[in-house]
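Enquirer: My questions will all concern the structure given below.
The values are calculated or read from the model by the stated rules, or taken from the named source; none is laboratory data. Values in this document were obtained by computation on a predicted structure and should not be read as measured data. Virtual Cβ from ideal backbone geometry, glycine too; neighbours counted across all protein chains shown. Only protein heavy atoms, including side chains, enter the accessible area calculation; ligands, DNA and RNA are left aside. Shrake-Rupley method; radii C 1.70, N 1.55, O 1.52, S 1.80 Å.
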Amino acid sequence: MTSILVVDDERGARMALEVPLRLSGYDVVAASGGREALALGQQKRFDVVLTDIYMPDILGLEVVREFRRFSPDTKVIAVTAQGSLDIALQAVEAGAFDFIAKPFNIDEVLALVKRAAQPPALAQPIEAPPDFSSSGLIGHSPQMVRAYKLTAHAARSQTTVLIEGESGTGKELIARAIHRHSARSKQPFTAVNCSALPETLLEAELFGYTKGSFTGAATDKAGLFESTDGGTLFLDELGTTSPSFQASLLRVLQEKEVRRIGAAVARPVDVRIIGATNRNLEELAERGEFRADLFYRLSVLVVPLPPLRERGAEDIALLAQHFLKKYGHELRVNTDVIELLARYAWPGNVRELENTIEHAVAVCNDGVITLNDLPRRILERAAAAPLLQPKTAAPTSLIDDRPALAELERRYIQLVLAENGGNKSRTAEILNIDRRTIYRYLEPALEPAGETGLPNLPDELVS
């Protein structure tokens, strides 16, 4: 039986993991802190460990590192309520198998545990990349946590990456984070907006050219592929490029070489491509408007970035405070301003929010940003709008959606009682509770009280 250690200093959080895992057939042990977890790990081998990050005695990242040291085959999954790219990267650096954020969907947790419990030949643990540091990305919504995890995976690999998202969602920030935390971090990072250049100029800039190859080519010139050799080339808005450019880019990806315009000989290059688009390349490929073979080559690892309107009020408030510190220094902001910002749909995404805060700082006179300092279009459109909520899938679970702690405890007692053949004394000893507590928690499932005044237990629970 797969053995699992659940580590969290909050009892409710432990139960929220421990009960469904045990109901799924796993052998589960719980620890109320990092020190207890490490002690248990020295006494018994665990297949999987789920550990909270922020605990008062020892941080979960230290638990990850220690288990990697004395039990390298154990898969450790980091759990935190403060999902961010920095935490995801630190968890990867420490050697975590994966990273999940609270609140979590228990079915997703069970699927992750099942994958972690696979034999070593089948499991795919995350290897630790070097020197992770601050990312500059803000937000804790489930969509952003997913993007952080994929970014961490991308940083430790050399594969081609495609970042999908509307304009202003932060695609270049993700690309820079991948490069900065990759093995290529000391080499050049070059960003190119493909929609900003005509086709001929784009090819000349990227591939280079030889003297006399076209009017104005007075000398030989190396392109950005050559000047970025060893580093990362970020190609934004690929959905706007021509079929001719797409064919040339596909050739570079396949052959690992580039031919200058007018040259007879190709030159080898070692460049990692990170593409980005605000259009659905798969749909474009299905309609014949984008090369399908190039799409498949680019989309080895896809990082989807959500629009700001789908990230919820909490992320909007965090971003607003971040930009206020950036532009306003000592300025304060009224709470009704933050509430109104959380109702606006932000068609321009994070970039529009940043511009809005910069505008408010510029027109603010008395040290406190009020509604009057916001652009009029935002005031008018947001006033009657509902509060934006994170876009999440409807939760599904092997147990009721988000049951109360008392219900989790009742089910846990039932489970332990059944495992001990209905012996209440043994169950009470294992759980460190008295028999009356067992009766109290089981009362809803019991028959009416008998002549003794005590509840009548079902036959299978009588000791």
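Enquirer: Among the residues in the range 239-252, are any open to solvent by 70 Å² or more (accessible area, probe 1.4 Å), part of a helix (DSSP H, G or I) and more than 18 Å from PRO198 (Cβ to Cβ)?
Expert: Yes, the range 239-252 contains a residue that is open to solvent by 70 Å² or more (accessible area, probe 1.4 Å), part of a helix (DSSP H, G or I) and more than 18 Å from PRO198 (Cβ to Cβ).
Enquirer: Can you tell me which residues in the range 204-228 are of a type outside the set (A, V, I, L, M, F, W, C), touching a residue at least 24 places away in the same chain (Cβ under 8 Å) and part of a helix (DSSP H, G or I)?
Expert: Listed by number, the residues that qualify are GLU226, SER227.
Enquirer: Taking the residues in the range 96-125 that are closer than 24 Å to GLU10 by Cα and assigned to a loop (DSSP other than H, G, I, E, B) as candidates, determine which candidate is modelled with the lowest pLDDT.
Expert: PRO103
Enquirer: Filter the range 168-203 for residues that are touching a residue at least 60 places away in the same chain (Cβ under 8 Å) and open to solvent by less than 50 Å² (accessible area, probe 1.4 Å) and give the result.
Expert: Selection gives GLY168, THR169, GLY170, LYS171, ILE174, ALA175, ALA177, ILE178, HIS179, HIS181, SER182, ARG184.
Enquirer: THR335 versus (1) open to solvent by 40 Å² or more (accessible area, probe 1.4 Å); (2) of a type in the set (Ser, Thr, Tyr); (3) within 24 Å of the chain's Cα centre (by Cα): which is the lone unmet condition?
Expert: It fails just one condition, (3).
Enquirer: I'd like the full set of residues that are closer than 20 Å to LEU294 by Cβ, of a type outside the set (Gly, Ala, Ser) and assigned to a loop (DSSP other than H, G, I, E, B), limited to the range 161-197.
Expert: Listed by number, the list holds a single entry, LEU197.
For every residue, the table says whether it meets (1) outside any loop (DSSP other than H, G, I, E, B); (2) open to solvent by less than 10 Å² (accessible area, probe 1.4 Å); (3) at pLDDT 90 or above.
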| position | (1), (2), (3) |
| --- | --- |
| GLY139 | no, yes, no |
| MET144 | yes, yes, no |
| TYR148 | yes, yes, no |
| THR159 | no, no, yes |
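Enquirer: Go through (1) assigned to a strand (DSSP E or B); (2) at pLDDT below 90; (3) among the aliphatic types (A, V, I, L, M) for ALA13 and report which single condition fails.
Expert: For ALA13, the failing item is (1).
Enquirer: Need pairs with beta-carbon distance below 6 Å; first residue touching a residue at least 60 places away in the same chain (Cβ under 8 Å) and within the range 21-49, second part of a loop (DSSP other than H, G, I, E, B); sequence gap 6+ or separate chains.
Expert: TYR26/THR2; ASP47/THR2; ASP47/ALA117; VAL48/ALA117
Enquirer: Take GLU62 and decide whether it is among the charged types (D, E, K, R), in a helix (DSSP H, G or I), in contact (Cβ under 8 Å) with a residue 12 or more places away in the chain and open to solvent by less than 20 Å² (accessible area, probe 1.4 Å).
Expert: Criteria not met by GLU62.
Enquirer: Consider GLY312 carefully, then state whether it is surrounded by 15 or more Cβ atoms within 10 Å (Cβ to Cβ), farther than 20 Å from SER195 by Cα and within 23 Å of the chain's Cα centre (by Cα).
Expert: Answer is yes for this residue.
Enquirer: Can you name the number of the only condition in (1) in a strand (DSSP E or B); (2) open to solvent by 20 Å² or more (accessible area, probe 1.4 Å); (3) in contact with a Gly (Cβ under 9 Å, 6 or more places away or on another chain) that VAL303 fails?
Expert: (2)
Every residue, every condition in (1) of a type in the set (Asp, Glu); (2) assigned to a helix (DSSP H, G or I), yes or no:
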{"position": "GLU330", "(1), (2)": "yes, no"}
{"position": "GLU339", "(1), (2)": "yes, yes"}
{"position": "ALA345", "(1), (2)": "no, no"}
{"position": "VAL350", "(1), (2)": "no, yes"}
{"position": "LEU353", "(1), (2)": "no, yes"}
{"position": "GLU358", "(1), (2)": "yes, yes"}
{"position": "VAL361", "(1), (2)": "no, yes"}
{"position": "ASP366", "(1), (2)": "yes, no"}
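Enquirer: Does the range 297-306 contain at least one residue that is at pLDDT 90 or above, of a type in the set (D, E, K, R) and in contact with a helix residue (DSSP H, G or I) (Cβ under 8 Å, 6 or more places away or on another chain)?
Expert: yes
Enquirer: Collect the residues in the range 253-279 that are in contact (Cβ under 8 Å) with a residue 24 or more places away in the chain and open to solvent by 40 Å² or more (accessible area, probe 1.4 Å), keeping them in residue-number order.
Expert: If the condition is that a residue be in contact (Cβ under 8 Å) with a residue 24 or more places away in the chain and open to solvent by 40 Å² or more (accessible area, probe 1.4 Å), then GLN254, ARG259, ILE261, GLY262, ARG267, ASP270, ASN278, ARG279 are the ones that fit.
Enquirer: Could I ask something else about it? For the range 345-380: of the residues being acidic (Asp, Glu) and within 20 Å of HIS329 (Cα to Cα), which is surrounded by the most Cβ atoms within 10 Å (Cβ to Cβ)? Quick ask: steps written out before the conclusion?
Expert: Pass one, the range 345-380, residues acidic (Asp, Glu): 352, 354, 358, 366, 373, 380.
From what's left, within 20 Å of HIS329 (Cα to Cα): 352, 354, 358, 366, 373.
On the way: GLU352: 18, GLU354: 18, GLU358: 14, ASP366: 9, ASP373: 22.
Here the answer is ASP373.
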